[in-house]
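K.L.:
First the structure, which I've put down as structure tokens, then a few questions once you've had a look.
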Amino acid sequence: MKPLFCLVAVFASMAQATLIFDNTAALTSGSDPVAPPSTGYFGPLYDSFTTGAGGGVLADLKVLLSGSATSSGSFDIALYADSSTNPGTKLADFGTLFDSALTSSPTLYDIATGDPTLAPDTRYWIGLTGNATTAFWAWSTDTTGPGVEHEFFANSDGVF
């Protein structure tokens, strides 16, 4: 089974909100550092999700993170297009999260998205990037959550 980063994505159409990806209820199998290979790790980290048949906006995003609150580091969270089952062009920047906001145990963080419009039946990626960060993104090998089974994760070693 492939591991997927713990993520919740809610897609809101004109009529209702729909949960399109959620594996945060799954047992956490581990966590990966967001920091890049130049620091000895495998970041940046990305996780894919696919929208349903209706159009709408990315109304809510939650990620399961941990880190060191005493660190002065930070990392960026953004939405990326899909490029042949790889993270592609950055479409929306959701901002910077500072390590000082993190806890040492995995905690679900609600990320403001600005409600970008997403096309129907399209794969997108959430990416976490940063150089001097202590952030870790939790992951699970359990693919039974809504929208999780046919998705991918990526790090500096490739797409899985």
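The values are calculated or read from the model by the stated rules, or taken from the named source; none is laboratory data. Everything quoted here is computed from the prediction, not taken from an experiment. Note that we place each Cβ from the backbone using ideal geometry, even for glycine, and neighbour counts take in every protein chain shown. For the accessible areas, the whole protein counts, side chains as well, though only heavy atoms, and no ligand, DNA or RNA atoms are used. Shrake-Rupley method; radii C 1.70, N 1.55, O 1.52, S 1.80 Å.
K.L.:
When the range 96-114 is examined, which residues are found to be farther than 17 Å from Val8 by Cα and either polar (S, T, N, Q) or modelled with pLDDT under 95 (or both)?
P.N.:
Thr96, Ser100, Thr103, Ser104, Ser105, listed by residue number.
K.L.:
Here is a further query. Having 1 or more residues that are open to solvent by less than 60 Å² (accessible area, probe 1.4 Å) and more than 22 Å from Gly67 (Cβ to Cβ) is the bar; report the strands (runs of 3 or more DSSP E) wholly within the range 77-160 that clear it.
P.N.:
Values: elements: 87-98, 107-111, 123-129, 136-140, 153-155.
So the answer is 87-98, 123-129.
K.L.:
As an exercise: evaluate Trp125 against (1) under 21 Å from Pro37 (Cβ atoms); (2) modelled with pLDDT of 95 or more; (3) more than 16 Å from the chain's Cα centre (by Cα) and give the number of the one condition it does not meet.
P.N.:
Only one criterion is unmet by Trp125, namely (3).
K.L.:
With respect to Ala69, is the statement that it is open to solvent by 70 Å² or more (accessible area, probe 1.4 Å), assigned to a loop (DSSP other than H, G, I, E, B), of a type in the set (Gly, Ala, Ser) and farther than 20 Å from Phe5 by Cα true?
P.N.:
Values: open to solvent by 70 Å² or more (accessible area, probe 1.4 Å): no; assigned to a loop (DSSP other than H, G, I, E, B): yes; of a type in the set (Gly, Ala, Ser): yes; farther than 20 Å from Phe5 by Cα: yes.
Here the answer is no, as Ala69 does not meet what is asked.
K.L.:
Residues in the range 75-88: is at least one of a type in the set (S, T, N, Q) and farther than 15 Å from Ser48 by Cα? I'd like the intermediate steps shown before the answer.
P.N.:
Of the residues in the range 75-88, the ones of a type in the set (S, T, N, Q) are 83-86.
Keeping just the survivors that are farther than 15 Å from Ser48 by Cα gives none.
No, the range 75-88 has no match at all.
K.L.:
Any idea which of Thr18, Thr50 is hydroxyl-bearing (Ser, Thr, Tyr) and touching a His at 6+ places or on another chain (Cβ under 8 Å)? If you could, list the steps in order and put the result at the bottom.
P.N.:
Numbers: Thr18 fails: touching a His at 6+ places or on another chain (Cβ under 8 Å).
It is Thr50.
K.L.:
Determine which member of the set Ser83, Ser74, Ser100 is hydroxyl-bearing (Ser, Thr, Tyr) and in contact with a helix residue (DSSP H, G or I) (Cβ under 9 Å, 6 or more places away or on another chain).
P.N.:
Values: Ser83 fails: in contact with a helix residue (DSSP H, G or I) (Cβ under 9 Å, 6 or more places away or on another chain); Ser100 fails: in contact with a helix residue (DSSP H, G or I) (Cβ under 9 Å, 6 or more places away or on another chain).
Checking each option against the conditions leaves just Ser74.
K.L.:
Residue by residue through the range 27-52, note down the ones that are part of a loop (DSSP other than H, G, I, E, B), buried (at least 20 other Cβ atoms within 10 Å of the Cβ) and either out of contact with any Ser or Thr (no Cβ under 8 Å at 6 or more places or on another chain) or hydrophobic (A, V, I, L, M, F, W, C) (or both). First the steps, then the outcome.
P.N.:
As a first pass, look at the range 27-52 and keep what is part of a loop (DSSP other than H, G, I, E, B): 27-29, 34-36, 40-44, 51-52.
Going one step further and asking which of them are buried (at least 20 other Cβ atoms within 10 Å of the Cβ), we end up with 34-35, 43-44, 51.
Of everything in the range 27-52, those that are part of a loop (DSSP other than H, G, I, E, B), buried (at least 20 other Cβ atoms within 10 Å of the Cβ) and either out of contact with any Ser or Thr (no Cβ under 8 Å at 6 or more places or on another chain) or hydrophobic (A, V, I, L, M, F, W, C) (or both) turn out to be Val34, Ala35.
K.L.:
List every residue pair whose Cβ atoms sit under 9 Å apart, with the two residues 6 or more apart in sequence or on different chains, where the first one lies in the range 92-104 and is of a type in the set (Val, Ile, Thr) and the second, anywhere, is part of a strand (DSSP E or B).
P.N.:
Here the result reads Thr96/Ser74; Thr96/Phe75; Thr96/Asp76; Thr96/Ile77; Thr103/Leu65; Thr103/Ser66, each pair linking the range 92-104 to a residue that is part of a strand (DSSP E or B).
K.L.:
Which of the residues spanning the range 53-63 are touching a residue at least 60 places away in the same chain (Cβ under 8 Å) and open to solvent by 30 Å² or more (accessible area, probe 1.4 Å)? Talk me through it step by step, then tell me what you get.
P.N.:
Looking only at the range 53-63, we keep the residues that are touching a residue at least 60 places away in the same chain (Cβ under 8 Å), and these are 53-58, 61, 63.
Within the range 53-63, Ala53, Gly54, Gly55, Val57 meet the criteria.
K.L.:
Here is a follow-up. Just checking, how many residues over the range 12-26 are assigned to a strand (DSSP E or B) and either in contact with a Lys or Arg (Cβ under 6 Å, 6 or more places away or on another chain) or in contact (Cβ under 8 Å) with a residue 60 or more places away in the chain (or both)? Let's see the steps before the verdict.
P.N.:
Of all residues in the range 12-26, those assigned to a strand (DSSP E or B) come to 12, 17-22.
With either in contact with a Lys or Arg (Cβ under 6 Å, 6 or more places away or on another chain) or in contact (Cβ under 8 Å) with a residue 60 or more places away in the chain (or both) added as a condition, the list becomes 12, 19-22.
Residues in the range 12-26 being assigned to a strand (DSSP E or B) and either in contact with a Lys or Arg (Cβ under 6 Å, 6 or more places away or on another chain) or in contact (Cβ under 8 Å) with a residue 60 or more places away in the chain (or both): 5 in total.
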